[in-house]
Amino acid sequence: MKPTQQKQFDKASFQDSVKKHLSATYATTIETASERQWYLAMGRALAELTTFDLLATEADERIKKAKSVNYLSLEFLIGRLTGNNLISMGLYEQITEAMAELGHNLTDLLEEERDPSLGNGGLGRLAACFMDSCAAQEYPTVGYGLHYEYGLFKQSFKDGRQQEAPDAWSGVEGYPWEVARPELAQEIGFYGHVEVVSENGKEVRKWVPGMTVKAMPWDLPIVGYESNTVYPLRLWECKAIAPFSLASFNNGDYFEAQHALIDAGNITKVLYPNDNHEKGKTLRLMQQYFHSAASVRDILRRHEAAGYTLASLPKQETIQLNDTHPTIAIPELMRILMDEKGMSWDDAWAISSKTFAYTNHTLLPEALETWPESLIQRLLPRHMEIIFEINHRFLQEVRAMWPGDGEKQAKLSIIQEGFHRMVRMANLCVIGSYAVNGVAALHSQLVKKDLFPEFDAMYPTRLHNVTNGITPRRWLKFCNPGLSALITEKIGNEWPAKLEQLEGIAQFADDAEFQKEYMAVKKQNKQRLADWVSDNMGIELDTNAIFDVQIKRLHEYKRQHLDLLHVLALYHRLLKDPSFDMVPRVVFFAAKAAPGYHLAKEIIFAINKIAEKVNNDPRIGGKLKVVFIPDYRVSMAEIIIPAADVSQQISMAGKEASGTGNMKMALNGALTIGTMDGANVEIREEVGDDNIYIFGLDVDGVKRVKAAGYNPYDYYNADPLLKSSLDLLLGDEFTPGKPGLLRATYDSLLDGGDPYLCLADFASYVEAHEAMDAQYRDQAGWAKKAILNTALVGKFSSDRSIRDYVNNIWKLEAVSR
Ligand code: 26Q
């Protein structure tokens, strides 16, 4: 649908629908309904409109016939849907008016929505942006995820330390945007044993599960921007089935199943809060299989219902695996094709190996998934057999390629030998997929050269790059209405669907009038954030200060502690010389730490303690403030990102696969201070060297320094500013009367060996900050750079990422409605 074809909208019947839901769904009245109930009723009324289009899209014969992508992800960090869907539906103004007539302010109502935090960070948010871009461009898509009862924990601080609380995101009333699809429920087995039966004179292996649960799908509508297309994000919820079939259990299984019964109701209870770190827990593997099995069956159900043969599966469907988390879908499809559909190994493999594609999101060794063979054997005995067979056949290829090279076999084998044999999910993914991609140019190079060089040699066309992107609808049009209006005034209103058009504002980068307007919008956005901080944290901020922002999961490789060292350096300089000349700065942090990641939590504690002291220290004349915003989430990002002057992207080179916050902040006119890592490299290429602040060691530099035997003390002893800054952590400056409380951070950087080279990059980092400080004093020059950032990052629209997937990997066509 073209923008000119506005959706038919009948205000009066919409208002009736809201009122109907108030009474019929929420048992309240216009007179007594709370603000929350008004939001819920409005949400239900809107969801009805999208459900209509969801079902119509599903029933569309052209879509049934077209090739679809199935995006399998354990995480979809969608954020609030109401505001965004209103933008996509083109109804923002109409609903504002309709609700105003009912006596309610839309902006306030939108604040009543809880974030569905069904993801940890980048990988989950990427999946959400991709769904938005698939729908906007009408590439047939189904998203498959899990309906966690509890999303990512809520974070608060108690005496500076992170506290976690459960996040019951859908509330007691249920989430207004979701619709149950009981007719599409599936049964999923676990445990049990494998039997050999004879069928038509053939020996067939059959898995007899020891326990069965039900997978109930909930659909969330993903509304295409300015189109009638609505695709489902299908989230599976685990329900126990009663009575459990105990008859078929043998003794061992019976015991197993007793134990499993307890787990059954728990499978989709809670999202695992680890980001870039795998923890081999049984329940996590159960989640993964539950998700994969339900999704694969749903895909096959659709495929067969459309009248296609199994052999044509790769022509009709592609299955994109969001990291290795849904890897078990590969042996699951093999099992169904062979054991349930009676295919030979070769026929099944011919289908399966042309259906799956895999995206790698990390090179961190601790994040590469491995599972004990014994666990898979117990939980999924037939899948373990299939994995062995895949491996057996694959190792024959390895031996053909490198005869007599045992080392190669050991390295490439799906099975990692040792006291406990482990299954390497990434190897299984590369072997079982027709395409594998990294998420930024540098990352994909490293995937080829460092992670999978032998796979690249064996399968020279398999490895790709698809640089990540972000949806411009949520991350500019919705979250930054001021800047959006300004852009539209200059270049028209097509940019949200064609972000490369932003280049059209580059010609105004030197225009003094435009610079003023652009900076006035930035100021308003900074005020909005300052108001939030004042209301929620009681800290008063000066919007003339540089708003310097690092927002992302807390991880050593992301180096929040390097940012903190810079804060300490500024503080030290101000204490030593109160007239020290610096543009006032507010250093923002927002980050959740995995609950089991001790050092990450210590770093949070250190930042909070330092903030407490710095913010209240009369000696520094208000020139420096530190604000750690609690409970970072999508809706918080929507407030922080438009207000950022400086975007911190300071991971040790080679460690951040891409980053996507870097793209969001550049689009909203923040200047990046960053290392040559992930997508920073490509942002620099786009905006030009003058409009970004690159510092520190690059990938080769890191290798060199490490190879030479890195000793952080060399830097500590040689750099007085570094030494003074670090030493501030040792005394009781920030923890009065209790020296040493911040030792953990200090120790990790010195005796702990500083594994991410913070000290090596410190001097260069400080220098880059000084250059930014100098530039900020020239507001016109700063404005020009900020405008050019907005203008030149059109490449990072997730629409472009999706087109790359479509053209190079998925090979499918848009179907417009
Ligand atoms: C694995 C096993 C068991 C439990 C948890 C996990 C797990 C969960 C989440 C492992 C990794 C993740 C998340 C990884 C992630 O978010 N990676 C980020 O992906 C972004 C999108 O591609 C990139 O921009 C980031 O650079 C990358 O860190």
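The values are calculated or read from the model by the stated rules, or taken from the named source; none is laboratory data. Nothing here was measured: the structure is a model prediction, and the numbers come from that model. Heads up, the Cβs are rebuilt from the backbone with ideal geometry, glycines too, and the neighbour counts pull from every protein chain shown. Accessible surface areas use protein heavy atoms only, side chains included; no ligands, DNA or RNA. Shrake-Rupley method; radii C 1.70, N 1.55, O 1.52, S 1.80 Å.
Applying the criterion of being among the small types (Gly, Ala, Ser) and either assigned to a helix (DSSP H, G or I) or surrounded by 24 or more Cβ atoms within 10 Å (Cβ to Cβ) (or both) to the residues of the range 688-705, the residue that is farthest from the ligand (Cβ to nearest atom) is Gly701. Scanning the range 663-682 for residues that are within 16 Å of the ligand (Cβ to nearest atom) and within 15 Å of Ala768 (Cβ to Cβ) turns up Thr672, Gly674, Thr675, Met676, Asp677, Asn680. Tell me whether the range 600-611 contains one or more residues that are on the phi > 0 side of the Ramachandran plot and either of a type in the set (A, V, I, L, M, F, W, C) or not in a helix (DSSP H, G or I) (or both). No. Inside the range 197-219, residues that are of a type in the set (Lys, Arg) and either loosely packed, with under 14 Cβ neighbours inside 10 Å or closer than 30 Å to Gly174 by Cβ (or both) make up a count of 2.
Surrounded by 14 or more Cβ atoms within 10 Å (Cβ to Cβ), among the basic types (Lys, Arg) and not in a helix (DSSP H, G or I): does that describe Arg80? When the stated conditions are applied, Arg80 passes them.
Comparison of Leu106, Leu77, Leu81, Leu86 shows that the only residue that is of a type in the set (A, V, I, L, M), under 24 Å from Leu271 (Cβ atoms), modelled with pLDDT of 95 or more and out of contact with any Lys or Arg (no Cβ under 9 Å at 6 or more places or on another chain) is Leu81. Here Gly432 clears all of (1) under 26 Å from Gly661 (Cβ atoms); (2) in contact with a strand residue (DSSP E or B) (Cβ under 8 Å, 6 or more places away or on another chain); (3) of a type in the set (Gly, Ala, Ser) except the condition numbered (1). From the list Asn789, Asn807, the one residue that fits, being assigned to a helix (DSSP H, G or I) and without any contact (Cβ under 8 Å) to a residue 12 or more places away in the chain, is Asn807. Out of Leu570, Leu562, Leu554, one residue alone is in a helix (DSSP H, G or I), open to solvent by less than 10 Å² (accessible area, probe 1.4 Å) and either charged (D, E, K, R) or touching a residue at least 12 places away in the same chain (Cβ under 8 Å) (or both). It is Leu562.
Filtered by the rule that a residue be acidic (Asp, Glu) and in a helix (DSSP H, G or I), the range 270-307 gives Asp298, Glu304. Checking each residue in the range 331-363 for being within 16 Å of the ligand (Cβ to nearest atom) and either of a type in the set (S, T, N, Q) or in a strand (DSSP E or B) (or both) picks out Ala357, Tyr358, Thr359, Asn360, Thr362. Can you report the number of residues in the range 423-441 which are open to solvent by 40 Å² or more (accessible area, probe 1.4 Å) and within 16 Å of the ligand (Cβ to nearest atom)? So the answer is 2. Scanning the range 618-634 for residues that are away from the ligand (no atom under 16 Å from the Cβ) and open to solvent by 10 Å² or more (accessible area, probe 1.4 Å), we see that the one that is nearest to the chain's Cα centre (by Cα) is Asp631.
Yes or no, residue by residue, for (1) open to solvent by 40 Å² or more (accessible area, probe 1.4 Å); (2) in contact with a Lys or Arg (Cβ under 7 Å, 6 or more places away or on another chain); (3) closer than 16 Å to Cys429 by Cα:
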site	(1), (2), (3)
Leu337	no, no, no
Asn360	no, no, yes
Trp402	yes, yes, no
Ala410	yes, no, no
Ile414	no, yes, yes
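Of all residues in the range 245-270, those that are modelled with pLDDT of 90 or more, open to solvent by 40 Å² or more (accessible area, probe 1.4 Å) and away from the ligand (no atom under 14 Å from the Cβ) total 1. Would you please name the residue that is surrounded by the fewest Cβ atoms within 10 Å (Cβ to Cβ), looking only at residues in the range 155-176 that are among the aliphatic types (A, V, I, L, M) and assigned to a loop (DSSP other than H, G, I, E, B)? By that ranking, first place goes to Val172.
Considering the range 473-494, and only residues there that are under 19 Å from Glu638 (Cβ atoms) and assigned to a loop (DSSP other than H, G, I, E, B), the residue that is nearest to the ligand (Cβ to nearest atom) turns out to be Cys479.
Cβ-Cβ distances below 8 Å connect the following pairs, each with a first residue in the range 764-779 that is over 29 Å from Glu513 (Cα atoms), a second residue that is assigned to a helix (DSSP H, G or I) and open to solvent by 20 Å² or more (accessible area, probe 1.4 Å), and a separation of six or more residues or different chains: Val766/Leu721. Regarding Glu366, is this residue under 31 Å from the mean Cα position of the chain (by Cα) and at pLDDT below 95? Yes: the conditions hold for Glu366. Taking the conditions exactly as written (within 16 Å of the ligand (Cβ to nearest atom), under 26 Å from Arg125 (Cβ atoms) and open to solvent by less than 30 Å² (accessible area, probe 1.4 Å)), does Ile470 satisfy them or not? The answer is yes for Ile470. Residues that are in contact with a helix residue (DSSP H, G or I) (Cβ under 8 Å, 6 or more places away or on another chain) and either in contact (Cβ under 8 Å) with a residue 60 or more places away in the chain or outside any helix (DSSP H, G or I) (or both) were ranked within the range 47-62; the one that is surrounded by the fewest Cβ atoms within 10 Å (Cβ to Cβ) is Thr50.
Taking the range 771-786 as the range and being more than 15 Å from Pro584 (Cα to Cα) and buried (at least 17 other Cβ atoms within 10 Å of the Cβ) as the test, the residues that pass are Trp782, Ala783, Lys784, Lys785, Ala786.
Within the set of pairs 6+ apart or on separate chains, which have a first residue in the range 655-672 that is touching a residue at least 24 places away in the same chain (Cβ under 8 Å) and within 14 Å of Ile692 (Cα to Cα), a second that is assigned to a loop (DSSP other than H, G, I, E, B) and within 14 Å of the ligand (Cβ to nearest atom), and C-beta atoms under 8 Å apart? From the range 655-672, the pairs are Met663/Asn468; Met663/Gly469; Met663/Ala679.
Does at least one position in the range 644-661 carry a residue that is over 20 Å from Met519 (Cα atoms), away from the ligand (no atom under 16 Å from the Cβ) and small (Gly, Ala, Ser)? Looking through the range 644-661, none of the residues is over 20 Å from Met519 (Cα atoms), away from the ligand (no atom under 16 Å from the Cβ) and small (Gly, Ala, Ser).
Residues are listed down the side, and each one gets a yes or a no for (1) hydrophobic (A, V, I, L, M, F, W, C); (2) within 16 Å of the ligand (Cβ to nearest atom); (3) at pLDDT 95 or above:
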position: Glu203; (1), (2), (3): no, no, no
position: Leu220; (1), (2), (3): yes, no, yes
position: Glu237; (1), (2), (3): no, no, yes
position: Tyr272; (1), (2), (3): no, yes, yes
position: Phe290; (1), (2), (3): yes, yes, yes
position: His303; (1), (2), (3): no, no, yes
position: Ala306; (1), (2), (3): yes, no, yes
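Condition check for Ile386 on (1) closer than 30 Å to Lys811 by Cα; (2) open to solvent by 10 Å² or more (accessible area, probe 1.4 Å); (3) free of Cβ contacts under 8 Å to residues at least 60 places away in the same chain; (4) not basic (Lys, Arg): one failure, at (2). Taking residues in the range 674-687 that are open to solvent by less than 10 Å² (accessible area, probe 1.4 Å), and partners anywhere that are acidic (Asp, Glu) and more than 10 Å from the ligand (Cβ to nearest atom), the pairs with Cβ atoms closer than 9 Å and at least 6 places apart or on different chains are Thr675/Asp698; Thr675/Asp761; Asp677/Asp698.
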